[in-house]
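Reviewing the structure listed below.
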Amino acid sequence: MKSELPEVVGETVSEHKELSTLAAARETVEMWRLAEQASEADEAKRNSFICLWASCMDRAYSWRAAQSMIFGQPLVFDMSYEKDMSAREVANAVRQMVFSEGCNRRSADPFHIHFCNFKEDSLYHKEFIKHYREAWGKLLITVTDQCYTEVFPKDKLIYLTADSPKVMKTFDHDKIYIVGSIVDKSIKTGVSLARAKRLGLETAALPLEKYLLWNIGAKNLTLDQMMHILLTLKDTGDWRKALEFVPKRKYCGFVSKPVHELKKTLSLVNTLKLGTRREELQKQFAKNYSKKLTRK
């Protein structure tokens, strides 16, 4: 009997150990399960909050856009350039306008957007349907097949075009600006300017050369870049803030002096890169530089 007791005790101890290990494992699994449930609950709460916040913000944006249709300053997109573009370029123009509409809707003080000269059977229309689907008919913008000259007084309209000889000095809150709905690659020199002249409209170009040391290349911007610039001007009246939306690759930096004083230097730098008339240009640069030092 005594000789069997240690065996029983040993077996009992072993069983207790196994039970303890099993209980610990079960406890660990249960802790993991509870922790996972808590994590899922927290995630659900976070997602619910994000959805609620997004829904509230969307309603706020929609309210502002609705208000802009009554009280907002109009901004016109001229949709009469389809024949000047390929199908791919039209798609690109529409994509830029979709970005513009979203940017405008999120603004604190949005424009009342007008799509003028808009045809329902146009490529523009088909591309907008692809992007917006059923939301197209719910957009808080004005879409019309009428020309802007039939909708607004001519003396209120200003056509923004890079070809205009007149440079825009300040943003006028009482004017209605027109932007041609055409992509950069398709722009032929003078097309939008000629259109504005035919209609007897005032034109203006952004003062890019006054504030930016422009590099080689056209001064045409995308439609969404124009929207960012105009919204910033409307909100702040600050050209430097507004022109920060110009792509950095297009210019060398902001200038403190009128850029016409630096045009010769910029032309010199670009020509030196090409290696043309190097010695002559280097002498001219040294001469101009020494004159500037003497004036100082």
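The values are calculated or read from the model by the stated rules, or taken from the named source; none is laboratory data. These numbers come from a predicted model, not from an experiment. Glycine also receives a Cβ, built like all others from the backbone with ideal geometry; neighbour counts cover every protein chain displayed. Please note that ligands, DNA and RNA were not included when accessible areas were found on the heavy atoms of the full protein model with its side chains. Shrake-Rupley method; radii C 1.70, N 1.55, O 1.52, S 1.80 Å.
Laid out as a table, the results:
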{"read-out": "Of the criteria (1) among the aromatic types (F, W, Y); (2) at pLDDT 95 or above; (3) under 20 Å from the mean Cα position of the chain (by Cα), which one Y148 fails", "value": "(3)"}
{"read-out": "Subset of the range 95-137 [of a type in the set (V, I, T) and out of contact with any Phe, Trp or Tyr (no Cβ under 6 Å at 6 or more places or on another chain)]", "value": "V98, I113"}
{"read-out": "Criterion (at pLDDT 80 or above and of a type in the set (S, T, N, Q)) met by exactly one of T232, T294", "value": "T232"}
{"read-out": "Residue among V151, V143 that alone is among the aliphatic types (A, V, I, L, M), open to solvent by 30 Å² or more (accessible area, probe 1.4 Å) and within 22 Å of A91 (Cα to Cα)", "value": "V143"}
{"read-out": "Condition check for D121: surrounded by fewer than 16 Cβ atoms within 10 Å (Cβ to Cβ), charged (D, E, K, R), under 22 Å from the mean Cα position of the chain (by Cα) and in a loop (DSSP other than H, G, I, E, B)", "value": "no"}
